[in-house]
1. Going residue by residue through the range 4-15, is there one that turns out to be closer than 21 Å to Ala254 by Cβ and either of a type outside the set (Gly, Ala, Ser) or modelled with pLDDT under 95 (or both)?
2. Within the range 237-259, is there a residue that is within 21 Å of Leu139 (Cα to Cα) and of a type in the set (Gly, Ala, Ser)?
3. List the number of the failed condition for Ile226; all other conditions in (1) touching a residue at least 60 places away in the same chain (Cβ under 8 Å); (2) assigned to a loop (DSSP other than H, G, I, E, B) hold.
4. Quickly run through the range 204-254 and pick out the residues that are in contact with a Gly (Cβ under 7 Å, 6 or more places away or on another chain) and either of a type in the set (Phe, Trp, Tyr) or in the same structural domain as Leu138 (by TED's automatic domain parsing) (or both).
5. Would you pick out the residues in the range 67-124 that are surrounded by fewer than 15 Cβ atoms within 10 Å (Cβ to Cβ), among the hydrophobic types (A, V, I, L, M, F, W, C) and over 18 Å from Leu198 (Cα atoms)?
6. Are there any helices (runs of 4 or more DSSP H) wholly within the range 1-81 with 3 or more residues that are within 30 Å of Glu122 (Cα to Cα) and in the same structural domain as Leu109 (by TED's automatic domain parsing), and if so which?
7. What's the total number of residues in the range 20-75 that are within 15 Å of the chain's Cα centre (by Cα) and among the small types (Gly, Ala, Ser)?
8. Take Thr162 and tell me if it is touching a Gly at 6+ places or on another chain (Cβ under 7 Å) and modelled with pLDDT under 95.
Amino acid sequence: MPDKTVRRPALSPSRASDFKQCPLLYRFRVVDRLPEKPTKAQIRGTVVHSVLERIFALPAGQRHERTANDLLTPAWADLLAERAELAELFDGADDPAFAEWLDTARDMLAGYFRLEDPRRLEPEACELLVEAELPSGLLLRGYVDRLDVAPTGEMRVVDYKTGSVPREVGEAKAMFQMKFYALVLWRLRGVVPRQLRLMYLAEGQNLAYCPDEAELRRFERTLEAIWAAILRAGRTGDFRPNPSRLCDWCDHKALCPEFGGTPPPYPGWPDAGVESVAAPAAAP
């Protein structure tokens with residue numbers, strides 16, 4: 001029988017970013033659940049994340065770059081078995097575009113191995129689902145790419161990025177995600193993570209940040225304000241568009257009033273299950 005478990009509405013870092021970027025985009029993704037066509041870059045990120053998760057499941061001595069490259073095709077095959085529609089991205093295994101895509105994924109893995117030696121690491125967890133309820137009652141959920149915990153108990157939160165190192169706006173968005181994870185872990189374990197580390201695999205660069213408790217308390221209030229705005233919009237159905245340069249990449253542009261479109265009838269705010277979190281496609 002299908003799983004009919006209903007999960008409480010919650011906030012994830014990606015959906016919080018959606019609402020900040022454009023409330024109407026949030027509605028299309030969370031309330032209307034409109035389909036979006038995956039891009040080759042997004043799926044490449046998902047496959048690379050899968051390989052990095054698998055490499056840490058191996059004994060330390062086997063965590064070589066050549067092993068990671070050998071895991072690429074099985075990771076793609078497993079994803080394709082779960083999501084058959086992804087076969088439309090390429091014209092079969094002999095498609096030159098597919099070979100090129102695999103080469104760029106190998107480049108990402110090479111970038112990772114330039115940044116660190118996984119044989120020297122024993123993460124506590126990879127692709128870890130974290131969930132915490134704030135004192136206000138707001139429920140936070142998200143997936144952490146990797147959590148490293150030192151023998152002394154100090155935590156490092158690691159996130160792999162397969163896109164380019166961002167400029168100021170993109171960097172702030174990436175750190176928003178990392179502070180979200182830091183807040184959840186602090187509320188779960190009572191310890192502020194020592195370091196938040198973004199690994200930009202394409203360019204072989206790290207971006208590290210050390211949060212403190214006062215900052216996380218302020219960030220908590222920011223999330224509560226975002227959630228309050230989401231609930232107000234949910235009650236009224238007033239999810240307003242916020243046009244920007246990002247509109248050119250939006251799958252729902254044809255439905256946006258800013259571009260002459262008409263959104264579907266508002267189905268109403270769901271009572272539960274708004275953020276039933278599954279493992280996400282990796283953001284570039």
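1. Within the range 4-15 (the criterion being closer than 21 Å to Ala254 by Cβ and either of a type outside the set (Gly, Ala, Ser) or modelled with pLDDT under 95 (or both)), the answer is no, since none of the residues qualifies.
2. no
3. It fails just one condition, (2).
4. Passing the criteria: only Gly204.
5. If the condition is that a residue be surrounded by fewer than 15 Cβ atoms within 10 Å (Cβ to Cβ), among the hydrophobic types (A, V, I, L, M, F, W, C) and over 18 Å from Leu198 (Cα atoms), then Ala77, Ala81, Ala84, Ala87, Ala93, Ala97, Ala99 are the ones that fit.
6. Qualifying helices (runs of 4 or more DSSP H): 40-56.
7. Counting residues in the range 20-75 that are within 15 Å of the chain's Cα centre (by Cα) and among the small types (Gly, Ala, Ser) gives 3.
8. yes
The values are calculated or read from the model by the stated rules, or taken from the named source; none is laboratory data. Remember, predicted model here, so these are calculated numbers, not experimental data. Heads up, the Cβs are rebuilt from the backbone with ideal geometry, glycines too, and the neighbour counts pull from every protein chain shown.
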